[in-house]
Every structure is written in structure tokens, then in C-alpha cells.
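Data block below; observations after.
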Amino acid sequence: MMIKNHIDAPLHRHLMLELLREYKRPNDKISELLKRGDLISVRRGLYVLGPKIDLPLPEPFLIANHLRGPSYVSLESALSYWGFIPERTFEVSSVTVKSPKKYKTQVGRFNYQQLLTPYYSFGVRSVQLTPKQTILIASPEKAICDKIVLTSKINLRSIKQTREFLLEDLRMDDDMLKTLDLDIIDSWLDNAPKKNSLKMLINTLQEL
């Protein structure tokens, strides 16, 4: 099956129809593959290979990028990836310009929160996870800023409160925090939500 040559990314419906173009009714063939478990529907029009095929799935972060776009991985998922928090996360947290949404699928849980441009587009990195899988993910600086911006009821007003939020609530690594580029965070402030909280973040990180 030609589909096996496309295992490094989720399969969009238009690609499936192209791969199955020799069938008289390719849509019926897709339904058959879903029924047999050879394909799993992640959302309407987006699929991954099922466990029966016995081939590796695309990386969850790449699935997240495709599931709701434009988007990038951020928040706890990015902080865990960069080694800033000790926990591994059980769902992939992303940021999108679209409305917030949650997906509970056979291949994992995916949560999307909304941020608007131009702030949305700051600090997004392209990272190659495997030779054929490249993802969009927040830089450590952006992931922390996103966490502050998107955590309701968090307004950072003192260095003590900010330290507690970073080191106790989020259990961030003290030494890792010292590696952050404060100038880049400062460059985002004019277009950032919760500007005062992010200024307090900079002040706190300068004191570490």
C-alpha cells in the first residue's frame, strides 16, 4: 500500500484521494480502511495509520501542528521538551490563532488555546525531530510568556510572587531559567498581552 510511504506526517484527505485514485470510489476505500482499523481518523479529513499496519506513528507534536493550524506547540508541552519542567505532559498543549479547542483522539489528547497576532508569531521555532519530521514549537522564552499570558487569574505584581509561580507552581529548573534571553522577551512587550506581568517576569529573571 502506497500509504506506507507517507508515515512521517498525518494523512490529509486530499493526499488519501490522490493515493487511492486508481479506485473507482476512493471515498468508499477510505471508509473501508477506517472500518478495518488500517486508518485512524484524528479529525474529519485527517488520518494516521492504525496499529494493524505496525508502523510508527508521526510524532505527537507533528500531529498537533496538523490537527489545528496554524498552530505551534507551547506551554507545558514545550517547557517539558526544552527541559524547563520535570513532568512529561499527558496532552499536547498548543497555541493557535483560531478559537480554543480540545481533541480527544485514539492517538492522544490535544489542547489549543488562542493568541492573536502579532504576539502569536513571536518566538516560534522550527525543530527537526526526525529526518522527515519538522515541527513548530515555542522557544523556551515564548513558552513561559505564553503560560503567563494564558493562565487566567495570574497577574504578576512582585518578584516574590513571580518566583513562587515559576519555581513552586511550575517547578521550573532554576539554572535553566538563567539561560533565558531577556532582551528577546523585552522586544515582544509592545505587542504582548499582560505586558506588566511580562515586565515583572524580566525583573525577576534578572534577580536570579
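Values quoted throughout were computed directly from the atomic coordinates according to the rules given, and no laboratory measurement underlies them. Predicted model, so just to flag it, every value in this text is computed and none were measured. Virtual Cβ from ideal backbone geometry, glycine too; neighbours counted across all protein chains shown.
Here are the numbers for the structure shown:
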| read-out | value |
| --- | --- |
| Computed E for ASP183/GLN114 - FRET, C-beta separation, R0 45 angstrom, nearest 0.05 | 0.95 |
| Fewest-first sequence of TRP188, TRP82 by Cβ atoms within 10 Å of each Cβ | TRP188, TRP82 |
| Calculated P(r) over Cα pairs in 10 Å bins from 0, in percent (choose from (i) 7, 30, 35, 20, 6, 1, 0; (ii) 8, 32, 29, 16, 10, 4, 0; (iii) 7, 24, 24, 18, 14, 10, 2, 0), label | (ii) |
| Sparse-neighbour loop sites [chymotrypsin sites (Phe, Trp or Tyr not before Pro); region 1-67; at most 12 other C-beta within 10 Å; DSSP] | none |
| Relative contact order for the chain, counting Cα pairs under 8 Å that sit 6 or more residues apart, in percent | 16 percent |
| In nm, spacing of pseudo-spin labels at LYS101 and ASP169 (7 Å Cα→C-beta vector) | 2.9 nm |
| Longest site-free stretch - the chain; sites: GluC sites (Glu not before Pro), DSSP loop, at most 13 other Cβ within 10 Å | 88-208 |
| Long pairs among LYS24/LYS104; LYS178/LYS199; LYS29/LYS101; LYS52/LYS101; LYS142/LYS194, criterion Cα-Cα beyond 21 Å | LYS24/LYS104; LYS29/LYS101; LYS52/LYS101 |
| Residue range of the chain that is longest and free of trypsin sites (Lys or Arg not before Pro) which are both DSSP loop and sparsely packed (at most 10 other C-beta within 10 Å) | 89-152 |
| Virtual paramagnetic centre 7 Å along Cα→Cβ of ASN5, amide N under 17 Å, in region 22-59 | 22-23 |
